[in-house]
Amino acid sequence: MNRRLITLSRIFQTGAVNFVRNISLAIAAMAVMVVTLTIVLFSLITNATFKNTVTQITNKIDVSVFLKDTVTPAQTTVLLSQLKGLPNVKAVQYLNKTQVLQQYEQQNASNKQLATAIGQTSNPLPSTILIKTYDLNKIQSIKAFLVQPANAALQSNAPSYSGDQETAINKITHATDILREVGIVAIIVFVIICALIIFNTIQMAIFNRRDEIQIMRLLGASTNYIRGPFVVESTIYGILSAAISVAIIDAAFVTASNALQASALGLLDISYANSFFKSHFFELLAIQILLGIVLGAVSSIIATHRYLKFKTK
């Protein structure tokens, strides 16, 4: 056991020494890894922010179903029950004609002429069913249910989710999907570039120490003992790059808050993104470190296996 600990200690020491010895190569490899991990971290934060934005929009938007005055309470009860059973329906609220009028008057309390006009006529507003959804992308399933002949016959007008409102909702959800896909593609591209650069960095390190490695092999050093320092060296790349990427994102949020003095930038809610980053700081840091270690270690193992012709033991 002591012998294994001594061997492991020497591997780590040699890896740290090699990192310092090849500092110029290390900086080049870390620069690309920092960019990669920063993009990954930014994508995680923006993805969570977009989800929150869409959730807030979803909570503010409902599908309004306008019922004919001839619809009976029994028919209303059946329709409400069917709507509640739909997979994408979060909540259903029924407002009778009186409640709809009261709500309308409250929303237009500042318009005295409108209030006067309404007071001089009988209540022209229909009973309304308000439907909250889980996912705006699946709102078409609700619309498809409402336009069925039996259900359409109960309605005085088409559901409110149509026309400009429908177009606006679709644009929002489409934009978030595109941004998410672009983020995934960017991550994949930079991960590949980063892996290739680390691969070449380790390859150059192997070439520079080829005589030393040959002597170690002749003296009977095991595969893992020779490979170990290279893995440790690339692991250091990952740990330091992860810490730097988190620091960059932190500095970016501080700068954005001070310079822009805004709580939102387009679909990106800066205030929520900053709050998410702060509240999940240690989880995000752990993800970054783990990704950095895996990226560096895997690239190093492939490089040593490919160019030193190691046999897996």
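The values are calculated or read from the model by the stated rules, or taken from the named source; none is laboratory data. Predicted model only: the values in this text are computed from it and were never measured. Here Cβ is always computed from backbone atoms with ideal geometry, including for glycine, and neighbour counts include all displayed protein chains.
From I236, I244, grab the single residue that is under 14 Å from G296 (Cβ atoms), in the same structural domain as I6 (by TED's automatic domain parsing) and in contact with a Phe, Trp or Tyr (Cβ under 8 Å, 6 or more places away or on another chain).
Exactly one residue qualifies, and that residue is I236.
Do we have I11 as more than 21 Å from L285 (Cβ to Cβ), in a helix (DSSP H, G or I) and touching a Gly at 6+ places or on another chain (Cβ under 6 Å) here?
The answer is yes for I11.
In a strand (DSSP E or B) and farther than 23 Å from V182 by Cα - does that describe any residue in region 44-61?
For region 44-61, residues in a strand (DSSP E or B) and farther than 23 Å from V182 by Cα: absent.
Which of the residues spanning region 96-131 are more than 20 Å from V65 (Cα to Cα) and either modelled with pLDDT of 80 or more or among the aliphatic types (A, V, I, L, M) (or both)?
Answer for region 96-131, where residues must be more than 20 Å from V65 (Cα to Cα) and either modelled with pLDDT of 80 or more or among the aliphatic types (A, V, I, L, M) (or both): A109, L114, A115, A117, I118.
Would you call Y134 closer than 26 Å to T176 by Cβ and modelled with pLDDT under 85?
Yes.
Only one of (1) under 32 Å from the mean Cα position of the chain (by Cα); (2) under 20 Å from M204 (Cβ atoms) fails for F19. Which number is that?
Result: F19 fails condition (1) only.
Among the residues in region 16-25, are any of a type in the set (F, W, Y) and out of contact with any Asp or Glu (no Cβ under 9 Å at 6 or more places or on another chain)?
No, every residue in region 16-25 fails to be of a type in the set (F, W, Y) and out of contact with any Asp or Glu (no Cβ under 9 Å at 6 or more places or on another chain).
Every residue, every condition in (1) crowded, with 20+ Cβ neighbours inside 10 Å; (2) touching a Phe, Trp or Tyr at 6+ places or on another chain (Cβ under 7 Å), yes or no:
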| residue | (1), (2) |
| --- | --- |
| N22 | no, no |
| A28 | no, no |
| M33 | yes, yes |
| L44 | yes, no |
| N47 | no, no |
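Only one residue in S275, S299, S279 is at negative phi, in contact with a helix residue (DSSP H, G or I) (Cβ under 8 Å, 6 or more places away or on another chain) and either at pLDDT 70 or above or in the same structural domain as I188 (by TED's automatic domain parsing) (or both). Which one?
Result of the check over S275, S299, S279: S299.
Before we move on, is I198 buried (at least 18 other Cβ atoms within 10 Å of the Cβ), farther than 17 Å from A28 by Cβ and at pLDDT below 90?
no
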